[in-house]
Amino acid sequence: MSSIKRQAKRPWYMRSSIRIKILGLSIAPLALTLATLIGMTSYWVTSYSTDLLDRKVRADLSVAEGILNILEQQDLSNLKQLSLSQQLRESVLRQQPARISQQLYNFKMLHQLDFVRIIPATKLSERVLKEPSLGQIASQVLAGNANAGLQLIGPEELTFIDPQLIDQVRIKLLNTPMAQPTDRNFESRGMFIRALHPITNDNGELIGLLDSGRLLNRNNNFVDEIRDLVYRPGTLPEGGLGTVTLFLDDVRISTNVPNKAMPSPSGMELVEVSAPRAVGTRVSKEVYQKVLTKGESWVDRAFVVNDWYISAYNPVEDLAGKRIGMLYTGFLEQPYKEIHNQTLLNLILAFAVVAFISVFLVLRSTGLITHPIRRIHSVVQAVKAGKRQRIGMMDTQDEFSELAEQFDTMLDLLEERNRQIQQAAEVLEHKVQSRTQSLQDKTRELEEHIRLLQATRAQLITKEKLAALGELTAGIAHEINNPAAVILGNMDLLQASLGENSAEVEEEIELIVQQVYRIRALVNNLLQYSRPGEYTQSMSPLNINQVVEDTLLLVRHTLEKQNLEVKLSLHAKSSAEANVQQLQQVFVNLVMNAANASQSFKNIHIRSHDWYEDQVLKGVVVEVEDSGMGIADEILPHIFDPFFTTRDNGTGLGLSVSYGIIRRYGGDIRVHSVLGQGSTFSVYLLQKARYNDSDHATAEQLLATLSEAQRKR
């Protein structure tokens with residue numbers, strides 16, 4: 001009776017069975033470990049994701065600022081070309097308003113400007129007094145200096161420029177949550193990309209000032225072009241929405257941010273803003289105070305119109321250095337929060353599965369441990385019922401207490417059980433070590449996959465940069481070639497007008513023409529490098545020896561000027577399939593490089609012979625050997641890289657374009673160089689070209705391979 005009372009006074013965990021005690025001791029450390037891992041993983045994922053998103057949006061903003069600067073310089077360049085027009089200068093000098101208006105109208109339509117005007121030199125001071133925006137840069141304007149940048153123009157000033165623009169710049173302000181309070185109802189000022197360039201007569205005297213402006217209020221093409229470049233398909237997750245905005249003070253004057261909540265689109269397609277654009281809404285008070293008031297950048301989450309975005313803001317300044325607004329890029333935060341939450345949920349579910357399996361294993365293990373004890377207990381009970389062995393009762397009332405009471409009579413059996421338990425523990429330890437080794441091997445494989453993914457990501461970034469270069473190059477090619485053609489035409493007209501007097505400036509005229517052709521060649525090389533698929537031409541079997549001889553006719557004059565002699569050793573009998581113009585371009589590049597590398601009164605050797613591999617005729621090999629200083633070992637791996645050059649006036653595209661042409665034919669260019677002795681470039685051409693735009697697996701294929709391997713694991 002006293003034993004029952006003592007048992008009732010003990011805590012419940014003291015009165016529980018051994019199996020429950022073992023289970024509690026096993027689960028407690030596991031639960032603490034899982035909770036710690038979940039917390040650490042959540043913190044790491046949150047910190048890493050935030051840093052990564054901030055880096056991305058900061059890079060997006062840099063691209064947007066770069067495009068804005070390009071537009072400013074492009075307008076200034078166009079205006080400079082107009083100022084050099086002989087027809088316009090004659091019209092200004094002869095005071096022919098009708099011709100001037102027609103020429104300015106044609107220029108305005110061609111370049112899609114909102115206004116173009118000429119301010120006569122005699123009225124500059126008067127205009128500066130009447131137009132505050134000109135007054136901000138009065139010293140530059142009166143000096144006739146060229147400049148371009150952003151500038152605000154009010155409605156009073158627009159009456160002098162173009163009254164029709166007054167209604168175009170007017171924007172109604174809309175109520176915006178979390179915005180700075182204001183009493184204004186409308187924004188009547190316009191933000192323009194403004195370019196100014198002087199017009200001078202033949203004596204260099206200022207006769208007028210060209211003034212052009214491109215209105216950015218409601219300029220959807222500007223922000224959409226930046227958005228389509230920065231947030232290309234696949235750059236955002238499913239449901240992502242990338243946006244770009246230009247602010248006048250705190251008012252959105254040009255944006256693709258929707259004015260109401262948008263349905264989640266697919267992240268694999270470019271987002272088209274079908275909802276009304278949020279023109280007229282204003283930036284949040286917090287962003288306003290940091291960016292516009294303090295002039296600092298903002299890279300953080302921010303409330304934009306009606307939702308939270310990962311945002312980047314930078315102040316923009318006018319030509320006088322005054323802050324007049326902001327430039328913004330950003331994307332919805334919600335898809336990334338969903339990904340983060342889903343990741344944590346999956347992590348918790350995985351840990352829950354691990355905990356369930358652990359509990360199951362612990363229960364099984366405790367069952368193995370307590371089963372012999374229960375069996376011994378039943379035997380003892382049987383002995384107690386029918387045999388003479390007896391021992392006294394102990395204070396504890398669990399299975400171990402009963403085992404201790406029978407210890408003397410059951411010692412041998414207990415030792416046998418201990419031996420079995422020890423063997424089971426050794427087997428279990430071996431299994432744990434084996435499993436640990438397996439996990440370590442899988443961890444190393446995962447680290448290798450992560451390394452490959454990082455390398456692949458770097459390749460994708462490089463390809464995106466080259467794609468962006470191609471888009472920008474194609475966009476400016478037309479703007480460069482047209483002025484080049486105008487310059488060549490005017491030089492011919494100038495030479496014809498001067499007649500015999502042109503001999504005095506013949507060297508200068510020739511220099512200008514050479515530089516214009518150099519500009520054209522640079523543009524064509526850029527286009528051919530960045531968009532090789534558009535320069536594919538017909539191919540046919542060619543006599544390579546004849547192509548080499550024809551190529552030398554093109555560079556003969558240059559070689560003679562440098563006192564260089566070309567020695568030919570053309571023994572190729574096989575033909576090769578290629579495009580003759582592109583192949584001549586390759587040979588011209590190699591010969592000119594050899595000429596630049598060689599000193600005067602030295603030779604260039606050009607050899608050709610048939611190309612055999614394993615006694616099978618493959619095609620033709622053409623070797624161009626110079627007698628220059630050779631190529632250093634640290635430079636040799638980079639000579640075919642785009643824009644890599646060791647010459648002050650080189651573009652770094654000749655060898656890169658040549659290498660791309662030969663590789664697209666299925667051939668190869670190899671280099672052998674000895675420092676101090678010279679270099680030999682060997683061009684391998686197939687009898688039957690195997691045209692291919694790329695000879696490497698794409699980064700997307702590598703990602704797919706890694707994903708498939710991970711799925712099979």
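Somewhere in the range 151-161, is a residue part of a helix (DSSP H, G or I), surrounded by fewer than 17 Cβ atoms within 10 Å (Cβ to Cβ), in contact with a Lys or Arg (Cβ under 7 Å, 6 or more places away or on another chain) and modelled with pLDDT under 90?
Looking through the range 151-161, at least one residue is part of a helix (DSSP H, G or I), surrounded by fewer than 17 Cβ atoms within 10 Å (Cβ to Cβ), in contact with a Lys or Arg (Cβ under 7 Å, 6 or more places away or on another chain) and modelled with pLDDT under 90.
Do we find that K172 is at pLDDT 90 or above and basic (K, R) in this structure? Steps first, please.
On the way: at pLDDT 90 or above: yes; basic (K, R): yes.
For K172, the condition - at pLDDT 90 or above and basic (K, R) - is met.
When the residues of the range 23-35 are narrowed to those that are over 11 Å from F351 (Cβ atoms) and surrounded by 10 or more Cβ atoms within 10 Å (Cβ to Cβ), which ends up modelled with the highest pLDDT? First the steps, then the outcome.
Within the range 23-35, the first condition is being over 11 Å from F351 (Cβ atoms), and the residues that meet it are 23-29, 32.
Within this subset, residues satisfying the condition of being surrounded by 10 or more Cβ atoms within 10 Å (Cβ to Cβ) are 23-28, 32.
Numbers: L23: 66, G24: 69, L25: 67, S26: 66, I27: 69, A28: 71, L32: 76.
So, considering only residues that are over 11 Å from F351 (Cβ atoms) and surrounded by 10 or more Cβ atoms within 10 Å (Cβ to Cβ), the one modelled with the highest pLDDT is L32.
Out of V516, V566, V523, V548, I need the residue that is surrounded by 15 or more Cβ atoms within 10 Å (Cβ to Cβ), modelled with pLDDT of 70 or more and within 39 Å of the chain's Cα centre (by Cα). Which one?
Details: V566 fails: within 39 Å of the chain's Cα centre (by Cα); V523 fails: modelled with pLDDT of 70 or more; V548 fails: within 39 Å of the chain's Cα centre (by Cα).
V516 is the lone residue from the list that is surrounded by 15 or more Cβ atoms within 10 Å (Cβ to Cβ), modelled with pLDDT of 70 or more and within 39 Å of the chain's Cα centre (by Cα).
Is at least one residue of the range 602-618 modelled with pLDDT under 85 and not polar (S, T, N, Q)?
yes
Any idea which of (1) more than 30 Å from L488 (Cβ to Cβ); (2) touching a helix residue (DSSP H, G or I) at 6+ places or on another chain (Cβ under 6 Å); (3) modelled with pLDDT under 90 is the one T122 doesn't satisfy?
(2)
Mind listing whichever residues of the range 101-119 are of a type in the set (A, V, I, L, M, F, W, C), surrounded by 19 or more Cβ atoms within 10 Å (Cβ to Cβ) and not in a loop (DSSP other than H, G, I, E, B)? Write out each step before concluding.
At the first step, the residues of the range 101-119 found to be of a type in the set (A, V, I, L, M, F, W, C) are 104, 107, 109-110, 113, 115-116, 118-119.
Adding the requirement that they be surrounded by 19 or more Cβ atoms within 10 Å (Cβ to Cβ) leaves 104, 107, 113, 115-116, 118-119.
Within the range 101-119, L104, F107, F115, V116, I118, I119 meet the criteria.
Yes/no per residue for (1) in contact (Cβ under 8 Å) with a residue 24 or more places away in the chain; (2) farther than 24 Å from L79 by Cα; (3) small (G, A, S); (4) surrounded by fewer than 17 Cβ atoms within 10 Å (Cβ to Cβ):
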| position | (1), (2), (3), (4) |
| --- | --- |
| L173 | yes, yes, no, no |
| G190 | yes, no, yes, no |
| A195 | yes, no, yes, no |
| D211 | yes, no, no, no |
| N220 | yes, no, no, yes |
| V223 | yes, no, no, no |
| V230 | yes, yes, no, no |
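Just to be sure I understand the filter: pairs with C-beta atoms under 8 Å, separated by 6 or more residues or on different chains, first member in the range 551-566 and outside the structural domain of E625 (by TED's automatic domain parsing) and over 18 Å from V586 (Cα atoms), second member part of a helix (DSSP H, G or I) and among the β-branched types (V, I, T). Which pairs pass?
Matching pairs, first to second residue: none at all.
Can T122 be described as polar (S, T, N, Q) and part of a helix (DSSP H, G or I)? I'd like the intermediate steps shown before the answer.
Details: polar (S, T, N, Q): yes; part of a helix (DSSP H, G or I): yes.
Criteria met by T122.
Please go through the range 669-713 and give me each residue that is of a type in the set (V, I, T) and either at pLDDT 90 or above or in a loop (DSSP other than H, G, I, E, B) (or both), ordered by number. Break it down into steps so the answer makes sense when it comes.
Looking only at the range 669-713, we keep the residues that are of a type in the set (V, I, T), and these are 669, 671, 674, 680, 683, 698, 705.
Selection gives I669, V671, T680, V683, T698.
Return the residues of the range 539-595 that are under 12 Å from V622 (Cβ atoms), part of a helix (DSSP H, G or I) and of a type in the set (S, T, Y); say none if nothing qualifies.
Across the range 539-595, the qualifying residue is only T551.
On the basis of being modelled with pLDDT of 90 or more, within 41 Å of the chain's Cα centre (by Cα) and β-branched (V, I, T), does V555 make the cut?
On the way: modelled with pLDDT of 90 or more: no; within 41 Å of the chain's Cα centre (by Cα): yes; β-branched (V, I, T): yes.
Answer is no for this residue.
Specify the residue that is surrounded by the most Cβ atoms within 10 Å (Cβ to Cβ); the eligible residues are those in the range 273-324 that are small (G, A, S) and on the phi > 0 side of the Ramachandran plot. So that I can check it myself, show each step before the final result.
Residues of the range 273-324 that are small (G, A, S), as a first pass: 274-275, 278, 280, 284, 295, 297, 302, 311-312, 320-321.
Now drop any that are not on the phi > 0 side of the Ramachandran plot, which leaves 280, 295, 321.
Working: G280: 20, G295: 11, G321: 8.
Step by step, filter the range 273-324, then rank; the result is G280.
Looking at Y336, Y328, which is the one that is farther than 30 Å from G213 by Cα and among the hydroxyl-bearing types (S, T, Y)? Show your work before the answer.
Numbers: Y328 fails: farther than 30 Å from G213 by Cα.
Result: Y336 is the single residue among Y336, Y328 that is farther than 30 Å from G213 by Cα and among the hydroxyl-bearing types (S, T, Y).
Of everything in the range 633-668, what is free of Cβ contacts under 8 Å to residues at least 24 places away in the same chain, outside any loop (DSSP other than H, G, I, E, B) and either touching a helix residue (DSSP H, G or I) at 6+ places or on another chain (Cβ under 6 Å) or not aromatic (F, W, Y) (or both)? Give them in sequence order.
Scanning the range 633-668 gives P637, H638, D668.
Among G630, G619, which is the only one that is more than 23 Å from Q546 (Cα to Cα), in contact (Cβ under 8 Å) with a residue 24 or more places away in the chain and in contact with a Ser or Thr (Cβ under 9 Å, 6 or more places away or on another chain)?
Numbers: G619 fails: more than 23 Å from Q546 (Cα to Cα).
Answer to the check: G630.
The values are calculated or read from the model by the stated rules, or taken from the named source; none is laboratory data. Being a predicted model, the structure only gives us computed values, none of them experimental. Using ideal geometry, Cβ is built from the backbone for each residue, glycine included, and neighbour counts are taken over all protein chains shown.
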